[in-house]
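Q: The structure under discussion is supplied below as structure tokens; questions concerning it will follow.
The values are calculated or read from the model by the stated rules, or taken from the named source; none is laboratory data. Keep in mind that what you see is a predicted model, and the values were worked out from it rather than measured. Cβ coordinates were reconstructed from backbone atoms using ideal geometry, including for glycine residues, and neighbour counts include every protein chain displayed. Calculation scope for accessible area: heavy atoms of the full protein, side chains included, ligands and nucleic acids excluded. Shrake-Rupley method; radii C 1.70, N 1.55, O 1.52, S 1.80 Å.
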Amino acid sequence: MNHDHFYVTTPIYYVNDKPHIGHAYTTILADVLARGNRMLGKPTYFLTGTDEHGLKVQQAAQKNNTTPLEHCNRTVIRFKELWQKLEITNDYFIRTTEERHERVVQEILTDLHDKGLIYSADYEGWYCIPCERFFTEKDLQEGCCPDCHRKVEPLVEKNYFFKMSQFQKPLIDYIESHPDFIQPAHRRQETLGFLQKPLGDLCISRPKSRLSWGIDLPFDDQYVTYVWFDALVNYISAVGYKTDEEQFRRWWPASYHLIGKDILTTHTVYWPTMLMALGLELPKAIFAHGWWLSQGSKVSKTALAGMTAAAKPASPMDMIESYGVDALRYYLMAAMSLGQDTEFSEEAFILKFNSDLANDLGNLTSRAVKMIEKNFAGKLPPASEPGEEEAALIAACQHAVKAMQNGIENMQLDRCITDVIAAVREGNRYFDLQKPWALVKEGNQEKLGKVLRNTTECLRIVSGLLYPVMPGKMTELRRILGIPQDKLVPEMQNLGKWNILPDGGALNPLETPLFPRIETAKAKFDASVKQAAKPAAATPILPNVISIEDFAKVSLKTA
Ligand code: MSP
């Protein structure tokens, strides 16, 4: 097993969906982990892609009078464009329609068939078209699909089955002896609970009479491969299984498969048993995160379609347009407790942005940089031995470094972001306590230099720690701090050190605030009311401000 390498994957997204906040979340999470591991000096491979076979694609293509592949070619662009906008640094984008992947799936099927692990039999059960999954009578919930709760169709037909049941006991033993294999712990319990019932064999084929858009079974040309069997193989076909031995040995087993909690069974039961049947190592960890909710329900294509424009949560593209890429990345990473569901709201986003980024980090930056510009001609004051007064600031920064390293290694990003913001708050507290503006008045240039230098060191560390989350803004901040071009991408080993910026180094001017406060409609309204309520001498200077008398006549409606 290769522990020195980091290989992270996202689920491959259904190409039919329009990417929403839920998809953006997993991909950003993988990107933050990939960037974080590169910062730790680990060779890293980051995989994402699209799941392109199946009935929904076939139906959509028919509806649009085009071929399924052409349909995929058109729709995959939405994902590629969004990932580019979000500055996602994936090493490869796999499409399950690519030739290499299809070949590997067929070779795997041949191997399992040859080993006697795939057999044909009559299938009787229920099929959920939207989920593309078969269910037995006992799986159904009130006669509907247990996942999406929609109607299921009865079905009897000859199909091919993978002897999954044979691996039930080895899988239980594996999960029990590898406590970190399924994370968080409550998802591990969920899988173990599922495995208490007898595990059936997995139907891995679909007759072409019903579905032709899939990978042909190599041993029966009347059938295509079940889309989940095809899709899961992406995690190994993308890194060279059966095509590039060396690449495969380098990256497999994956360090983390990141998934949403709705695809737990496919990843923690189907996939490991498939790997066991192939005699391959299992991934080191499968991490299931929670859902982004809107008004209490999972954000999904179906839910979005049923919402009025006013109730719809903003799309990732809308959020980027309005607030920028880094603000969105920050919110998604900081606001969701890993493993739990979280309500997505633009209001909560704005509160978090204004508090952590505009008030804390943006403010500290402009305070320090402006004073260095004014009092030291924009050159970094010299380093000095830290004293008592710096103890709390240095301790908070060092704690943030440890927390971030731990957060990246142990999947606790939300918590470690809180620790980094705590270091920023300590920076502001230090600034307030040391009162550099008073030192300017007193002409105490030496102490002034010391305070500004220490604040800048804190900003350097924070800019490095938050770089995986906000690569654009943190690069901008690092540039402002005068960090040379070749050091703009931080290395974790330098972040634990104090006083490593060069004495006299030139800072770059802060032309506009790093995180301008977002004025909400409510904040603007409060300000205008305050203004209008002032005595006559200070009559409103803002345009569109009404008098308090007129305000009393207003009827307010929200939607
Ligand atoms: N194609 C399969 C995955 C195959 S992986 C071998 C699939 N695709 S999906 O597009 O429907 O979902 C992809 C991922 O997005 C899943 O992990 C799912 O949990 C996640 N999300 C979809 N909606 C979500 C939220 N509202 N919140 C967070 N993530 C959610 O399933």
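Q: Calculate the length of the line joining the C-alpha centroid of region 310-338 to that of region 48-83, in whole Å.
A: Each part's Cα centre sits 25 Å from the other's.
Q: Counting Lys and Arg as +1 and Asp and Glu as -1, each charge on the Cβ, what is the dipole of the chain about the Cα centre in debye, to the nearest 20?
A: Approximately 1460 debye in magnitude.
Q: Give a residue-ordered list of calculated ³J(HN,Hα) values for region 326-339 (Karplus: 6.51 cos²θ - 1.76 cosθ + 1.60, θ = phi - 60°; whole Hz; x for Gly, Pro).
A: In residue order, the calculated couplings are 5, 5, 5, 4, 4, 4, 4, 6, 7, 8, 9, 6, 4, x Hz.
Q: Could I ask something else about it? Send over a whole-number figure in Å² for the accessible area per residue of the chain, probe 1.4 Å. Could the numbers behind the result be given before it?
A: Values: 25040 Å² over 559 residues.
In whole numbers, the chain has 45 Å² accessible per residue.
Q: Leaving ligands, DNA and RNA out of it, rank 119, 160 by accessible area with a 1.4 Å probe, largest first.
A: Per-residue accessible area, sorted high to low, gives 119, 160.
Q: Across region 235-251, in residue order, what do the Karplus-derived ³J(HN,Hα) couplings come to in whole Hz, using 6.51 cos²θ - 1.76 cosθ + 1.60 with θ = phi - 60° and x for Gly and Pro?
A: Along region 235-251, the couplings run 5, 9, 5, 5, 10, x, 4, 6, 10, 8, 3, 5, 4, 5, 5, 5, 9 Hz.
Q: How large is the helix-only mean residue ellipticity at 222 nm for the chain, computed as the sum of -39500 (n - 2.57) over DSSP H runs with n ≥ 4, divided by its residue count, in deg cm²/dmol to the nearest 500?
A: Working: 23 runs with 255 residues, N = 559.
Estimated from H runs of four or more residues: -14000 deg cm²/dmol.
Q: Let me ask another. Using a cut-off of 9 Å between beta-carbons, work out the net charge of the residues near residue 132 (Lys and Arg +1, Asp and Glu -1, residue 132 not included).
A: +3
Q: Sum up the charges of everything whose Cβ sits under 15 Å from the Cβ of residue 450, counting Lys and Arg as +1 and Asp and Glu as -1, but leave residue 450 out.
A: Net charge around residue 450: -4.
Q: Taking a threshold of 26 Å on the Cα-Cα distance, which of the pairs 63/151; 42/301; 80/312; 115/169; 115/261 fall above it? Walk me through the numbers on the way to the answer.
A: Values: 63/151 22 Å; 42/301 36 Å; 80/312 23 Å; 115/169 19 Å; 115/261 32 Å.
Beyond 26 Å between Cα atoms: 42/301; 115/261.
Q: Could you run the Karplus curve 6.51 cos²θ - 1.76 cosθ + 1.60 with θ = phi - 60° over region 488-504 and give me ³J(HN,Hα) per residue in whole Hz, x for Gly and Pro?
A: Using θ = phi - 60°, the values come out as 5, 7, x, 10, 4, 4, 8, 7, x, 8, 9, 6, 10, 6, x, 4, x Hz.
Q: Can you give the FRET efficiency to the nearest 0.05 for residue 177 and residue 379, using r as the Cβ-Cβ distance and R₀ = 41 Å? Show your work: numbers first, answer last.
A: Working: r = 59 Å, r/R0 = 1.44.
Rounded to the nearest 0.05, the efficiency is 0.10.
Q: Please give me the summed charge of the neighbours of residue 161: other residues whose Cβ is under 15 Å from its Cβ, Lys and Arg +1, Asp and Glu -1.
A: On the way: positive: 115, 133, 158, 163, 206; negative: 122, 124, 157, 201, 220.
Every neighbour counted, the sum reads 0.
Q: How big is the accessible area of residue 209 in square angstrom, nearest 10, if you roll a 1.4 angstrom probe over the protein chains?
A: 110
Q: Run the accessible area of the chain with a 1.4 Å probe and give the carbon-and-sulfur part as a rounded percent. Each step should come with its number before you reach the end.
A: Working: 12880 of 25040 Å².
Looking at the chain in its full context, I get 51 percent from C and S.
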